[in-house]
1. List the relative contact order of the range 184-235 as a percent without decimals, with contacts defined as Cα pairs under 8 Å and 6+ residues apart.
2. Three principal axis extents, largest first, for the C-alpha atoms of the chain, in Å?
3. Does anyone have the angle between helix 126-167 and the longest principal axis of the chain? Alpha-carbon axes, 0 to 90°, nearest 10?
4. For the range 57-129, what is the Kirkwood estimate of the hydrodynamic radius, computed as the reciprocal of the mean inverse distance between distinct Cα atoms, to one decimal in Å?
5. In whole percent, and with a 1.4 Å probe on the protein chains, what portion of the accessible area of the chain is carbon and sulfur?
6. Using alpha carbons only, how many degrees (0 to 90, rounded to 10) separate the axis of helix 20-63 from the longest principal axis of the chain?
7. Longest exposed-loop-site-free stretch of the chain, with chymotrypsin sites (Phe, Trp or Tyr not before Pro), DSSP loop and at most 11 other Cβ within 10 Å?
8. What Rg and what Dmax come out for the range 1-53 when only alpha-carbon atoms are used, in angstroms?
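The values are calculated or read from the model by the stated rules, or taken from the named source; none is laboratory data. Small disclaimer: the values here were computed from a predicted structure and weren't measured. Neighbour counts are summed over all protein chains in view; Cβ atoms, including those assigned to glycine, are modelled from backbone coordinates with ideal geometry. Areas reflect the complete protein model, heavy atoms only, side chains present, ligands, DNA and RNA absent. Shrake-Rupley method; radii C 1.70, N 1.55, O 1.52, S 1.80 Å.
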Amino acid sequence: IFEAIVIYAVLIAFIGYNALPGLLVFIIMLPLQYMLGLWIARKKATISVLYSERAQLTEEILRAMKLIKMYAWETAFSSAIRNEELQHYKWQTMGKTVLIASVFMMPPLFVAAIFGIYAINNEVGGTIAFTTLTLFNTLRLPLVKLPKALRDCTDALHAIEKIDRYLQEPEVDDQMIDTNQAVAPGIRMESASFSHGFASPIPFLTNINLDIKPGTLTMVAGSVGSGKSSLLKAILGQLHLTTGSSQVGGTYAYVPQSPWCALGTVRDN
């Protein structure tokens with residue numbers, strides 16, 4: 001904006017009060033470009049939120065691809081969020097087109113407004129015409145940078161909000177589980193109750209008493225949803241310990257239920 005003001009001040013000093021009609025065009029077009037650039041920046045922020053939701057949905061689809069193919073749900077899942085995202089992309093592209101068109105339309109409007117008044121009382125010579133057009137072409141660059149600066153500032157603020165949201169997450173509680181190597185090998189729980197974390201303080205595993213010695217085989221059986229996987233998460237320290245004590249000593253390995261392949265040959269796996 002400062003660069004545009006300086007260029008226009010030079011123009012006023014060059015042709016005098018005849019530049020005032022162009023100033024009126026400048027006063028009208030600059031806020032219009034500012035509002036249009038701000039609107040495009042808001043659309044971009046909305047698209048960013050939809051993109052994150054689509055990435056999360058895509059991850060869930062890839063995990064359940066077999067089930068989706070079995071029931072032929074491809075169309076329903078493919079159009080869940082993508083259509084809304086495409087609509088915002090459409091309006092954002094139209095806004096960019098109008099913005100760029102207004103930037104290239106401003107020099108002719110300036111010329112028509114200024115030379116229309118200047119030609120009434122003065123003869124438009126080559127020096128006046130070409131110098132004025134050169135100043136207007138120089139004025140085009142700061143007008144292009146203004147909307148881009150608004151979009152960049154909006155992207156920076158959106159990124160800062162994401163980082164701040166991540167840093168504001170609660171820290172790992174010291175009472176989650178004791179994995180001190182000084183503890184004797186094995187798994188010991190005494191009247192332990194676990195919850196999913198700070199968001200759900202109500203425990204769903206209660207009064208767990210467990211004592212597993214190293215080198216022993218232990219099997220946990222139960223119906224679906226009875227808490228077998230949650231017990232494993234509690235041993236791994238992924239659940240919040242609300243009451244009681246829980247200690248895990250020594251070294252251990254965890255093999256999840258999802259199939260996986262180790263790095264190596266087919267024979268190694």
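1. Result for the range 184-235 is 34 percent.
2. The Cα atoms of the chain stretch 104, 45, 40 Å along the principal axes, largest first.
3. Long axis of 126-167 versus the principal axis of the chain: about 20 degrees.
4. 17.3
5. Accessible surface attributable to carbon and sulfur in the chain totals 64 percent.
6. It is inclined by approximately 20 degrees.
7. 1-197
8. Every Cα atom of the range 1-53 included, Rg and Dmax give 17.3, 56 Å.
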